[in-house]
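Data block below; observations after.
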Amino acid sequence: TDIALIKHCRAHTMEKLLGCKAMLYARVKIPNSGCSISLVNMHCTAGGWDHPESDATNEIRESELQEAIDKLQELSNKEDLKMIIGDLNMGMNASECNYKFLCRSKYKDLILEAKELPTSSKEKESENADGKE
């Protein structure tokens, strides 16, 4: 496993006063598979004392996301599965411009995809009974 703590270049003023904004990079080898997962765990800015969806906040958040994308590109092997995880403070209905930025950067929303799957064994049994296998 490779691990690195990477300080963000930009942060909201309030966040700078309270601490150092950083993201955690890890490359984890999956035993007996020859595969690895490279991921960045981060907590994107919520805006400090600015509105969470203000232009300034969205710009800082996008810069944090771009840094995550760049570090994954730089530190990962080409064939690694790459993931950005954590509290990104954005989504389809909040800071949509940041969400779309990440989607345009070829990252998938796995939460959205998981919502398409049954969430319990009872749901799965119900779907199987309805012939939806």
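Every number here is computed from the coordinates shown, using simple stated rules; none is lab data. Quick caveat: nothing in here was measured; it's all calculated off a predicted structure. Reconstructed Cβ throughout: ideal geometry from the backbone, glycine too, with neighbour counts over all protein chains shown.
Oblate is the label for the chain. Its Cα gyration tensor axes, ordered a ≥ b ≥ c, give a/c of at least 1.5 and b/c at or above a/b. In the elastic network of the chain, a GNM with C-alpha springs shorter than 10 Å, the most mobile of Leu102, Leu39, Leu17 is Leu17.
Can you order the peptides 82-90, 26-34 by their average number of other Cβ atoms within 10 Å per residue, highest first?
My ranking of the peptides, most packed first, is 82-90, 26-34.
Consider a paramagnetic label point 7 Å from the Cα of Glu59 along Cα→Cβ; state which residues of segment 13-32 have an amide N under 19 Å from it. Hits in segment 13-32 for Glu59 at 19 Å: 13-17. Restricting to the chain, what percent of DSSP beta bridges are antiparallel, rounded to 5? Counting DSSP beta bridges with both partners in the chain, the antiparallel share is about 65 percent.
Let me know the charge dipole size of the chain about its Cα centre in debye, to the nearest 20, where only the beta-carbon of Lys, Arg (+1) and Asp, Glu (-1) is charged. Working shown, then result.
Values: 18 positive and 23 negative charges, 93 e Å.
The dipole magnitude comes to about 440 debye.
Once the Cα-Cα distance is subtracted from the 0.36 nm per residue extended length, the Thr1 to Asn41 segment shows a gain of 12.9 nm.
The phi torsions of segment 101-107, fed into the Karplus equation with coefficients 6.51, -1.76 and 1.60 and a -60° offset, translate into couplings of 4, 5, 5, 5, 7, 6, 9 Hz, rounded to whole numbers, with Gly and Pro shown as x.
When the square roots of the Cα gyration tensor eigenvalues are ordered a ≥ b ≥ c, the ratio a/c for segment 42-105 is 1.5 or more and a/b exceeds b/c, which makes its shape prolate. Estimated from helical segments only, the mean residue ellipticity of the chain at 222 nm is -11000 deg cm²/dmol, where each DSSP H run of four or more residues counts as -39500 (n - 2.57).
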